[in-house]
Structure formats: C-alpha cells, structure tokens
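Trainee: Please find one structure pasted underneath; my questions will follow.
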Amino acid sequence: MRHLLTCVATCVLGQVLPAQTPRLAPSPQVLIKAGRLIDGRSDAPQSGVGILVEGERIKAVGPLAQVQGQAKGARVIDLSQLTVLPGLIDTHTHLLLQGDSTAQAYDEQLLYESTPYRAILAARNARIALEHGFTAIRDLETEGAMYADVDVKRAVERGEIPGPRIFAATRAMAPTGMYPIVSDNWELELPHGVQPVDGVEGARLAVRQQVAHGADWIKYYSDRRYYFAPDSVLHSWVNFTDDEARALVDEAHRLGRKVAAHAIGADGIAAALRAGVNTIEHGDGMTDSLLDVLVAKGVYWVPTVTVAYYVAGPRGGVWGPMVEHQRRAFARAVKKGVRIVLGTDVGGFPWTGLNQAKEFAYYVQYGMTPMQAIKSGTSLAAELLGRPDLGVIAPGAYADVVAVAGDPLKDIAELERVRFVMKNGVTYVSP
C-alpha cells in the first residue's frame, strides 16, 4: 500500500520514529536491490543491480553480488521486481498556483486567497510532487505571492514538511501594465502577478532585490499577445526593450543566477535569445532558424506540453493551433539536437488533477525515444540546474531514487504510476 511519511510517528525504512522527532533522517546504510536500473546516463537499462546508500548519498552502484559485499549489516530494500530510476525533475512548476486556464481563475486566486493560505496549498503541492516521484523542481514564480516559494523551500530543507528540492525564482518580472492583473478601473491598485520592472536600472534593481530575498533563478516575461501571421509563424508582442532585457540578464549572470524567459511567440523567443537567457519556457512559436540559435548558444528549451493541452480548450482562439505548431517544432528540435528539458507548468493546471509525469508521454508522442524522454526529466534536467549530483544513480549523487512496476521503455506512462520514492536516503513512498 502506498503511503507518504509524515513528521510524527512515521516509518523510515522500517523504523518507527518517536512522536517527538520532527524531522526525517536517513538510515546509516541501505542496500537497494534493483530488478532493472535506468541510471539516467546510460542508453540501456541494467539488470540485477545493487545500489548502496550511505546517509544522503549513493556510495556504490554495480552488480548485486559485488555491492552486497560492501553492504554487510545494511538495511535491505527489495525492488527486484521493479524498474528503478533516478528521482524525477520538473523544471517548470508553480507551487503557489492552482490552475489558471482562464483569466477569471487566475484573478480569483490573487484577489480572494491570502498569501498564507496559498502557502499552505503550496506545502500540499510540494508533497504531491514528491509522491509523484519528483525529488527536485524549479519553481518559476509565485504569481503574486511574493517570496513565499522561498519559505516553502526552507520548510522542506529544514524537514518541517515533505517535498522535493526547490529551486525558486520568486516573483518573475514584466514591464508595467504588461501582465495580469490589469483593470480598467484606474482608481484601484490591484495585485500584481509579477514584479513590475521598467528601465535598465529598474531591471538591475529588481534582480538584486529578488536575489536578496532568496531567488535561485530569475524569470521574466519576454512576450504576450500571440497571433498567427500569413507567413504561418506564431508571432507575439515583445515586452522589454533589448536594453532592458540585456541589463536584466547581465545582472543576473553577474550575481551567479541563470535566467528563464517566458517566450511563446517567435518574436519573444528571438528577443530572449538576443538577451542571452539560459532557458526558453513554452516556446510554441519555435522556427527552424530559432532552433538553430538554441543549438549554437546551448540554450535549453522547456516546452511545457501538458499545460498547453490543458488551457487550449478553455482559452480558445489561437491557443488550439499553438499546440499543433509546438508539436511540429518539437519534432524538428529533437532531430536538430536541441536540449529539451522536461517542464510541465503544473500550477497552470491543478496539482490535484493531472499527474505532472504525463509530460513524459507527450515527449514520446512528439518524437523522443522513451530513454530520451526519461533523460529530459533526470540527468538533462539536472544539467540545466547545474547539479550533476542529481538526476542520476551513481556514486556520489544524492540518494534520490524512484521505482515503477513495469518497464517505462515499453510504456512511458509507467512514470505516472510511481511505486517507490526515496529522497536524500529517506523513503517517502513504498510498495
């Protein structure tokens, strides 16, 4: 029976924690018997593998008989009937959002839900992500909830709540009047879904403020207002001037932070690439020439296909054709060798609705092999985050391990049915 461990009187690897112990700790040494192993790096699975976990990290990986010799007295977790993989990574989430397929749904959250209430839901969402096998996420802005993502991150790190590792982007940025909530009633100052930023110096100041409040990444909105032109290209209105966008990116890089750009139309993507961003989010309007720039500059593409399908119906208009445009661009990107990384935009669709691991299936439908899709949400995602100690089953990596009953190389949807989750050497979900 699946279960999520809580912080009171719970089981860790078969041991019962006393009620007064508020934080989970890994057992000294654990031997995992893996029936099949997909390690996040290799192009083929391995059979009969042992994984020796010591504390929070993996100490050894190899043939079971060999690793058993180093594991005398270790607690054994028998996953010999399952397929074992690295903990999954979602590089585009919104913990503080509960679905925004329409403007009304978005406005109601910002107008009628307090930031403390939204933070409570975010803590629940962090637990859901972990239960689904995602041991790390990049949370790309709070949508009007200020720096609450950093608070949730700290609560997870301190063991107060269960959840994945969180790489937080805090508030995101857009120029004045270019992101909801925008109202015709000029007498009211309504909540802002982003930090409004204007001018070169304003851009630098905003980056400094967000970094000071705990931002691991910086995100900005490169464009809005999407439309198809007679040339069949998905166009958009660009938000920032080139000077503003370059200043924003330059300041973030100077302070050791990477930059993610929301860029849906070709114009917004091109502007973001000129500014020197590290990742393009959504990217529905990708063209062959833009894909070539991504390859040349080593920029990652996070396509968020799941949310594209979720919002297309309720929003109507251009959003339906955008999905098909993105599908064709994705197939070309795979052939060109673009570094496509898994990101779902969960929060754009409800955390309690779809399983965010559905994104893997879309990538296979769009032209990836199952192994390519798995790597997009493990080792390649870890590469985007600059964390080689995540997304792989290898000595020295963090002991973030998941397992499924079937073979995801034959049925990628198995990743939507995770049976075992370990993070930092602590078991949170078990068969």
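Trainee: Restricting to Cα pairs below 8 Å that are 6+ residues apart, what does the relative contact order work out to for the range 362-431? Please round to a whole percent. Write out the running numbers ahead of the final one.
Mentor: Numbers: 88 pairs, mean separation 15.0, N = 70.
Once divided by the residue count of the range 362-431, the mean separation gives 21 percent.
Trainee: Please report the relative contact order for the range 97-245, taking Cα pairs under 8 Å with a sequence separation of at least 6, and give it as a percent rounded to a whole number. List each step's numbers first, then the result.
Mentor: Working: 223 pairs, mean separation 30.9, N = 149.
Computed over the range 97-245, the figure is 21 percent.
Trainee: How would you order 244-254, 88-98 from highest to lowest mean count of nearby Cβ atoms within 10 Å? Mind showing how you got there, number by number?
Mentor: Numbers: 244-254: 20.9, 88-98: 28.6.
Descending packing order for the listed peptides: 88-98, 244-254.
Trainee: If each DSSP helix of 4+ residues adds -39,500 (n - 2.57) and the sum is divided by the residues in the chain, what number results at 222 nm, nearest 500 deg cm²/dmol? Each step should come with its number before you reach the end.
Mentor: Working: 13 runs with 139 residues, N = 431.
Dividing the helical sum by the residues of the chain leaves -9500 deg cm²/dmol.
Trainee: Once neighbouring chains are kept in place and the probe is 1.4 Å, which whole percent of the accessible area of the chain is contributed by carbon and sulfur? Intermediate results must be reported in sequence, preceding the final value.
Mentor: Details: 8760 of 16630 Å².
About 53 percent, which is the carbon plus sulfur part of the accessible surface.
Trainee: Moving to a separate point now. Which residue fluctuates most in the GNM of the chain (Cα springs below 10 Å): K297, K375, K258?
Mentor: Comparing K297, K375, K258 in the GNM, the peak value goes to K297.
Trainee: For the chain, modelled as a Gaussian network with Cα springs under 10 Å, which listed residue fluctuates most, S101, S183, S42?
Mentor: Ranking S101, S183, S42 by mean-square fluctuation puts S183 first.
Trainee: Solvent-accessible area per residue for the chain at a 1.4 Å probe radius, Å²?
Mentor: Working: 16630 Å² over 431 residues.
Counting only protein heavy atoms, the per-residue value for the chain is 39 Å².
Trainee: Among P395, A373, L385, which residue has its Cα positioned farthest towards the positive end of the charge dipole of the chain, with +1 placed on the Cβ of Lys and Arg, -1 on the Cβ of Asp and Glu, and the dipole taken about the Cα centre?
Mentor: Farthest towards the positive end: P395.
Trainee: Compute the acute angle (0 to 90°) between the alpha-carbon long axis of helix 288-297 and the principal axis of greatest extent of the alpha-carbon atoms of the chain; round to the nearest 10°.
Mentor: 60 degrees
Trainee: Calculate how steeply helix 148-157 sits against the longest principal axis of the alpha-carbon atoms of the chain, using the helix alpha-carbon long axis, and give the answer as 0 to 90 degrees to the nearest 10.
Mentor: 10 degrees
Trainee: Now a separate question. For the range 38-97 and the range 254-331, what is the separation of their Cα centres, given in Å?
Mentor: Each part's Cα centre sits 33 Å from the other's.
Trainee: Keeping all protein chains in the complex and leaving out DNA, RNA and ligands, what accessible area do you get for L121 with a 1.4 Å probe, in Å² to the nearest 10?
Mentor: 30 Å²
Trainee: Using a cut-off of 27 Å between alpha-carbon atoms, which lysines can reach K59, once sequence neighbours fewer than 8 places away in the same chain are excluded?
Mentor: K33, K72, K153, K375, K423
Trainee: Roughly how tilted is helix 242-254, in degrees to the nearest 10 and between 0 and 90, from the longest Cα axis of the chain?
Mentor: The angle comes out near 30 degrees.
Trainee: Still on this structure, please answer the following. Along the charge dipole of the range 260-382, pointing to its positive end and built from +1/-1 on Cβ of Lys, Arg, Asp and Glu, which listed residue (I264, T279, L294) has its Cα farthest out?
Mentor: L294
Trainee: While we're here: Normalising by the residue count of the chain, find the relative contact order in percent from Cα pairs under 8 Å and 6+ residues apart.
Mentor: Working: 1035 pairs, mean separation 85.2, N = 431.
Averaging sequence separation for qualifying contacts and normalising by length gives 20 percent for the chain.
Trainee: Of F420, F330, Q104, which is farthest on the positive side of the dipole of the chain, counting Cα position, with +1 on Lys and Arg Cβ, -1 on Asp and Glu Cβ, and the Cα centre as origin?
Mentor: Going by the charge dipole, the pick is F420.
Trainee: May I pose another question? Using only the heavy atoms of the protein chains and a 1.4 Å probe, how would T427, T241 rank by accessible area, largest first? Show your work: numbers first, answer last.
Mentor: Values: T427 10, T241 75 Å².
Descending order: T241, T427.
The values are calculated or read from the model by the stated rules, or taken from the named source; none is laboratory data. Please read these numbers as outputs of a predicted model, since none were measured by experiment. Neighbour counts run over all protein chains shown; Cβ positions are idealised from the backbone, glycine included. Heavy atoms of the whole protein, side chains included, go into the accessibility calculation; ligands, DNA and RNA do not. Shrake-Rupley method; radii C 1.70, N 1.55, O 1.52, S 1.80 Å.
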